[in-house]
1. Any residue at all in region 4-21 that's more than 8 Å from the ligand (Cβ to nearest atom), within 21 Å of residue 140 (Cβ to Cβ), more than 24 Å from the chain's Cα centre (by Cα) and in the same structural domain as residue 97 (by TED's automatic domain parsing)?
2. Got a sec? Which of 183, 143 is at pLDDT 95 or above, surrounded by 11 or more Cβ atoms within 10 Å (Cβ to Cβ) and assigned by TED's automatic domain parsing to the domain that holds residue 36?
3. Can you find a residue that is touching a strand residue (DSSP E or B) at 6+ places or on another chain (Cβ under 6 Å) and modelled with pLDDT of 95 or more anywhere in region 157-166?
4. Taking region 99-113 on its own, how many of its residues are out of contact with any strand residue (DSSP E or B) (no Cβ under 7 Å at 6 or more places or on another chain) and buried (at least 19 other Cβ atoms within 10 Å of the Cβ)?
5. Can you work out which of the residues in region 50-75 that are over 25 Å from the mean Cα position of the chain (by Cα) and surrounded by fewer than 19 Cβ atoms within 10 Å (Cβ to Cβ) is farthest from residue 114 (Cα to Cα)?
6. Please enumerate the residues belonging to region 128-145 that are away from the ligand (no atom under 12 Å from the Cβ) and within 18 Å of residue 38 (Cβ to Cβ).
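The values are calculated or read from the model by the stated rules, or taken from the named source; none is laboratory data. Since the model is a prediction, treat every value here as computed from it, not as a measurement. Positions of Cβ are generated from backbone atoms using ideal geometry, with glycine treated the same way; all protein chains shown enter the neighbour counts.
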Ligand SMILES: C[S@@+](CC[C@H](N)C(=O)[O-])C[C@H]1O[C@@H](n2cnc3c(N)ncnc32)[C@H](O)[C@@H]1O
(Lines give C-alpha, C1' and ligand atoms only; values in the text may rest on other atoms or scores of the structure.)
Protein backbone atom coordinates (compact mmCIF):
# COMPACT_ATOMS: atom_id res chain seq x y z
CA UNK A 1 0.00 0.00 0.00
CA UNK A 2 1.36 3.45 -0.85
CA UNK A 3 1.05 6.53 1.36
CA UNK A 4 -2.03 7.83 -0.45
CA UNK A 5 -3.85 4.56 0.01
CA UNK A 6 -2.89 4.45 3.68
CA UNK A 7 -4.08 8.05 4.14
CA UNK A 8 -7.37 7.26 2.40
CA UNK A 9 -8.01 4.14 4.48
CA UNK A 10 -7.24 5.90 7.74
CA UNK A 11 -8.97 9.17 6.81
CA UNK A 12 -11.12 10.69 9.53
CA UNK A 13 -10.87 14.27 8.23
CA UNK A 14 -12.91 15.62 5.30
CA UNK A 15 -14.56 13.08 2.98
CA UNK A 16 -12.56 11.82 0.00
CA UNK A 17 -14.31 10.21 -2.97
CA UNK A 18 -11.91 8.07 -5.07
CA UNK A 19 -11.85 4.70 -6.85
CA UNK A 20 -9.42 2.39 -5.06
CA UNK A 21 -7.26 1.57 -8.10
CA UNK A 22 -6.46 5.26 -8.63
CA UNK A 23 -3.96 5.43 -5.75
CA UNK A 24 -1.37 3.31 -7.50
CA UNK A 25 -1.63 5.51 -10.60
CA UNK A 26 -1.34 8.72 -8.59
CA UNK A 27 1.70 7.49 -6.73
CA UNK A 28 3.40 6.29 -9.92
CA UNK A 29 3.09 9.69 -11.61
CA UNK A 30 3.15 12.06 -8.62
CA UNK A 31 5.75 10.68 -6.19
CA UNK A 32 8.61 12.62 -7.82
CA UNK A 33 6.94 15.90 -6.80
CA UNK A 34 6.80 15.07 -3.07
CA UNK A 35 8.51 17.54 -0.77
CA UNK A 36 8.89 20.05 -3.61
CA UNK A 37 7.47 23.54 -4.10
CA UNK A 38 4.68 22.53 -6.43
CA UNK A 39 1.37 23.91 -7.60
CA UNK A 40 -1.48 21.40 -7.81
CA UNK A 41 -4.96 22.09 -9.14
CA UNK A 42 -7.81 19.64 -8.64
CA UNK A 43 -11.06 20.30 -10.48
CA UNK A 44 -13.87 18.95 -8.29
CA UNK A 45 -13.50 19.79 -4.61
CA UNK A 46 -16.55 18.01 -3.18
CA UNK A 47 -16.01 17.82 0.63
CA UNK A 48 -12.36 18.90 0.38
CA UNK A 49 -10.91 15.59 1.58
CA UNK A 50 -8.79 14.92 -1.50
CA UNK A 51 -7.23 18.39 -1.19
CA UNK A 52 -6.24 17.59 2.40
CA UNK A 53 -4.81 14.30 1.17
CA UNK A 54 -2.68 16.06 -1.47
CA UNK A 55 -1.49 18.56 1.13
CA UNK A 56 -0.30 15.77 3.43
CA UNK A 57 1.24 13.73 0.57
CA UNK A 58 3.16 16.57 -1.09
CA UNK A 59 4.15 18.43 2.08
CA UNK A 60 4.21 21.99 3.38
CA UNK A 61 5.79 23.51 0.27
CA UNK A 62 2.89 22.48 -1.99
CA UNK A 63 0.25 25.02 -2.97
CA UNK A 64 -3.06 23.25 -3.50
CA UNK A 65 -5.91 24.79 -5.52
CA UNK A 66 -9.42 23.46 -5.96
CA UNK A 67 -12.14 24.42 -8.44
CA UNK A 68 -15.80 23.69 -7.85
CA UNK A 69 -19.15 24.90 -9.12
CA UNK A 70 -20.63 24.65 -5.62
CA UNK A 71 -20.08 27.94 -3.76
CA UNK A 72 -20.15 26.09 -0.40
CA UNK A 73 -16.83 24.47 -1.30
CA UNK A 74 -15.17 27.75 -0.39
CA UNK A 75 -15.57 26.57 3.23
CA UNK A 76 -12.84 23.96 2.86
CA UNK A 77 -10.12 26.56 2.38
CA UNK A 78 -7.25 26.32 4.86
CA UNK A 79 -3.53 27.03 4.89
CA UNK A 80 -2.09 26.13 1.46
CA UNK A 81 -5.53 25.17 0.13
CA UNK A 82 -7.37 27.76 -1.95
CA UNK A 83 -10.74 27.25 -3.66
CA UNK A 84 -12.02 29.01 -6.76
CA UNK A 85 -15.72 28.86 -7.49
CA UNK A 86 -16.89 28.48 -11.09
CA UNK A 87 -17.62 25.94 -13.79
CA UNK A 88 -14.92 23.92 -15.51
CA UNK A 89 -16.85 24.29 -18.77
CA UNK A 90 -16.83 28.09 -18.54
CA UNK A 91 -13.90 29.21 -20.68
CA UNK A 92 -13.94 32.76 -19.28
CA UNK A 93 -13.75 31.44 -15.72
CA UNK A 94 -10.83 29.15 -16.62
CA UNK A 95 -9.04 32.04 -18.31
CA UNK A 96 -9.34 33.95 -15.02
CA UNK A 97 -8.01 30.93 -13.13
CA UNK A 98 -4.81 30.83 -15.15
CA UNK A 99 -4.29 34.54 -14.57
CA UNK A 100 -4.51 34.01 -10.80
CA UNK A 101 -2.78 30.68 -10.33
CA UNK A 102 0.89 30.06 -11.20
CA UNK A 103 1.59 27.32 -13.78
CA UNK A 104 0.60 23.88 -12.51
CA UNK A 105 2.95 21.01 -11.83
CA UNK A 106 -0.06 18.73 -11.47
CA UNK A 107 -3.61 19.08 -12.74
CA UNK A 108 -6.29 16.54 -11.78
CA UNK A 109 -9.68 16.72 -13.46
CA UNK A 110 -12.16 15.12 -11.03
CA UNK A 111 -15.06 17.50 -11.67
CA UNK A 112 -18.40 16.80 -13.29
CA UNK A 113 -16.98 14.27 -15.82
CA UNK A 114 -19.16 15.26 -18.78
CA UNK A 115 -17.49 15.31 -22.19
CA UNK A 116 -17.87 19.06 -22.54
CA UNK A 117 -16.37 19.70 -19.10
CA UNK A 118 -13.37 17.43 -19.67
CA UNK A 119 -12.65 18.77 -23.16
CA UNK A 120 -13.09 22.48 -22.33
CA UNK A 121 -10.93 22.11 -19.21
CA UNK A 122 -8.22 20.36 -21.21
CA UNK A 123 -8.30 22.99 -23.96
CA UNK A 124 -8.11 25.91 -21.56
CA UNK A 125 -5.77 24.53 -18.90
CA UNK A 126 -3.32 22.15 -20.55
CA UNK A 127 -1.20 25.03 -21.81
CA UNK A 128 -0.83 26.25 -18.23
CA UNK A 129 0.73 22.96 -17.10
CA UNK A 130 4.49 23.41 -16.65
CA UNK A 131 6.85 21.95 -19.28
CA UNK A 132 7.67 19.08 -16.89
CA UNK A 133 4.19 18.83 -15.40
CA UNK A 134 1.45 16.25 -15.54
CA UNK A 135 -2.24 16.38 -16.53
CA UNK A 136 -4.48 13.65 -15.17
CA UNK A 137 -8.11 13.27 -16.21
CA UNK A 138 -10.08 10.71 -14.26
CA UNK A 139 -13.41 8.88 -14.35
CA UNK A 140 -13.08 8.45 -18.11
CA UNK A 141 -15.65 5.64 -17.93
CA UNK A 142 -18.20 8.42 -18.47
CA UNK A 143 -16.92 8.40 -22.08
CA UNK A 144 -19.01 5.22 -22.40
CA UNK A 145 -22.12 6.65 -20.73
CA UNK A 146 -24.70 8.42 -22.87
CA UNK A 147 -25.99 10.57 -19.99
CA UNK A 148 -22.54 12.22 -19.83
CA UNK A 149 -22.35 12.76 -23.59
CA UNK A 150 -20.35 9.56 -24.11
CA UNK A 151 -20.99 6.24 -25.88
CA UNK A 152 -18.76 3.58 -27.45
CA UNK A 153 -16.77 5.27 -30.26
CA UNK A 154 -19.09 8.24 -30.00
CA UNK A 155 -17.60 11.28 -31.69
CA UNK A 156 -16.92 13.94 -29.10
CA UNK A 157 -16.40 11.63 -26.13
CA UNK A 158 -13.25 12.47 -24.20
CA UNK A 159 -11.80 9.04 -25.01
CA UNK A 160 -12.35 9.59 -28.76
CA UNK A 161 -11.00 13.14 -28.47
CA UNK A 162 -7.91 11.89 -26.64
CA UNK A 163 -7.18 9.20 -29.24
CA UNK A 164 -5.99 12.08 -31.43
CA UNK A 165 -3.29 12.71 -28.83
CA UNK A 166 -1.69 9.41 -29.87
CA UNK A 167 -1.36 10.73 -33.43
CA UNK A 168 0.01 14.06 -32.26
CA UNK A 169 2.55 12.32 -30.03
CA UNK A 170 3.90 10.55 -33.13
CA UNK A 171 3.62 13.48 -35.55
CA UNK A 172 7.39 13.81 -36.04
CA UNK A 173 7.09 10.68 -38.19
CA UNK A 174 4.09 11.81 -40.18
CA UNK A 175 4.55 12.45 -43.90
CA UNK A 176 1.06 13.87 -44.30
CA UNK A 177 0.00 17.50 -44.12
CA UNK A 178 -3.04 16.45 -42.09
CA UNK A 179 -0.76 15.49 -39.20
CA UNK A 180 1.77 18.29 -38.65
CA UNK A 181 4.06 18.58 -35.63
CA UNK A 182 2.08 20.53 -33.04
CA UNK A 183 2.78 22.08 -29.67
CA UNK A 184 1.44 18.81 -28.23
CA UNK A 185 4.09 16.86 -30.17
CA UNK A 186 6.91 19.05 -28.92
CA UNK A 187 5.73 19.30 -25.30
CA UNK A 188 4.39 15.84 -24.41
CA UNK A 189 6.64 12.88 -23.69
CA UNK A 190 4.08 10.20 -22.92
CA UNK A 191 0.44 9.19 -22.59
CA UNK A 192 -0.63 6.61 -20.02
CA UNK A 193 -4.07 5.03 -20.28
CA UNK A 194 -5.47 3.16 -17.29
CA UNK A 195 -8.96 2.02 -16.42
CA UNK A 196 -10.81 5.36 -16.29
CA UNK A 197 -7.67 7.52 -16.21
CA UNK A 198 -5.50 9.26 -18.78
CA UNK A 199 -2.18 10.70 -17.59
CA UNK A 200 -0.36 13.07 -19.93
CA UNK A 201 3.25 13.69 -18.99
CA UNK A 202 4.88 16.80 -20.37
CA UNK A 203 8.56 17.18 -21.21
CA UNK A 204 10.13 19.23 -24.02
CA UNK A 205 10.38 16.66 -26.81
CA UNK A 206 12.63 17.52 -29.74
CA UNK A 207 12.71 15.58 -33.01
CA UNK A 208 13.84 12.03 -32.12
CA UNK A 209 17.10 10.71 -33.55
CA UNK A 210 17.66 7.14 -34.75
CA UNK A 211 21.21 5.77 -34.72
CA UNK A 212 23.14 2.53 -34.53
CA UNK A 213 26.02 1.35 -32.38
CA UNK A 214 28.02 -1.87 -32.41
CA UNK A 215 29.72 -3.92 -35.13
CA UNK A 216 27.96 -5.26 -38.19
CA UNK A 217 28.30 -9.06 -38.31
CA UNK A 218 25.39 -10.17 -40.50
CA UNK A 219 25.82 -9.57 -44.25
CA UNK A 220 23.15 -7.46 -45.96
CA UNK A 221 20.28 -9.20 -47.69
CA UNK A 222 21.57 -10.52 -51.08
CA UNK A 223 20.48 -8.14 -53.84
CA UNK A 224 19.11 -11.15 -55.73
CA UNK A 225 16.46 -11.52 -53.00
CA UNK A 226 15.22 -7.98 -53.52
CA UNK A 227 12.90 -6.77 -56.24
CA UNK A 228 11.73 -3.55 -57.88
CA UNK A 229 12.05 -0.33 -55.92
CA UNK A 230 13.51 -2.14 -52.86
CA UNK A 231 16.38 -3.42 -55.03
CA UNK A 232 17.12 0.02 -56.52
CA UNK A 233 17.02 1.58 -53.05
CA UNK A 234 19.37 -1.04 -51.56
CA UNK A 235 21.85 -0.67 -54.46
CA UNK A 236 21.96 3.10 -54.06
CA UNK A 237 22.29 2.90 -50.28
CA UNK A 238 25.15 0.41 -50.44
CA UNK A 239 26.97 2.48 -53.06
CA UNK A 240 26.58 5.55 -50.87
CA UNK A 241 27.84 3.71 -47.78
CA UNK A 242 30.94 2.46 -49.68
CA UNK A 243 31.68 6.01 -50.80
CA UNK A 244 31.16 7.45 -47.30
CA UNK A 245 33.43 4.74 -45.85
CA UNK A 246 36.18 5.54 -48.36
CA UNK A 247 35.84 9.29 -47.84
CA UNK A 248 35.79 9.23 -44.02
CA UNK A 249 38.66 6.75 -43.74
CA UNK A 250 40.66 9.00 -46.13
CA UNK A 251 40.12 11.93 -43.72
CA UNK A 252 40.58 9.66 -40.67
CA UNK A 253 37.10 10.46 -39.35
CA UNK A 254 36.16 6.85 -38.61
CA UNK A 255 32.60 7.11 -40.02
CA UNK A 256 30.92 3.74 -39.59
CA UNK A 257 28.72 1.88 -42.05
CA UNK A 258 25.06 2.58 -41.27
CA UNK A 259 25.46 5.84 -39.31
CA UNK A 260 22.59 7.46 -41.12
C1 LIG B 1 -16.44 13.46 -7.79
S2 LIG B 1 -16.66 14.96 -6.93
C3 LIG B 1 -15.00 15.39 -6.54
C4 LIG B 1 -14.40 14.49 -5.54
C5 LIG B 1 -13.14 14.99 -4.91
N6 LIG B 1 -12.14 15.37 -5.88
C7 LIG B 1 -12.60 13.91 -4.03
O8 LIG B 1 -11.71 13.18 -4.49
O9 LIG B 1 -13.06 13.78 -2.90
C10 LIG B 1 -17.10 16.03 -8.20
C11 LIG B 1 -17.18 17.50 -7.84
O12 LIG B 1 -17.23 18.21 -9.06
C13 LIG B 1 -18.07 19.33 -8.90
N14 LIG B 1 -18.55 19.77 -10.21
C15 LIG B 1 -19.58 19.29 -10.94
N16 LIG B 1 -19.71 19.99 -12.08
C17 LIG B 1 -18.75 20.92 -12.07
C18 LIG B 1 -18.38 21.96 -12.96
N19 LIG B 1 -19.04 22.17 -14.11
N20 LIG B 1 -17.33 22.74 -12.66
C21 LIG B 1 -16.64 22.55 -11.50
N22 LIG B 1 -16.96 21.59 -10.62
C23 LIG B 1 -18.00 20.79 -10.89
C24 LIG B 1 -19.16 18.86 -7.97
O25 LIG B 1 -19.77 19.96 -7.32
C26 LIG B 1 -18.40 17.92 -7.03
O27 LIG B 1 -18.01 18.60 -5.87
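1. Looking through region 4-21, at least one residue is more than 8 Å from the ligand (Cβ to nearest atom), within 21 Å of residue 140 (Cβ to Cβ), more than 24 Å from the chain's Cα centre (by Cα) and in the same structural domain as residue 97 (by TED's automatic domain parsing).
2. 143
3. Yes, that holds for at least one residue.
4. Of the residues in that region, 2 qualify.
5. Of everything passing the filter in region 50-75, 60 is farthest from residue 114 (Cα to Cα).
6. 128, 129, 130, 131, 132, 133, 134, 135
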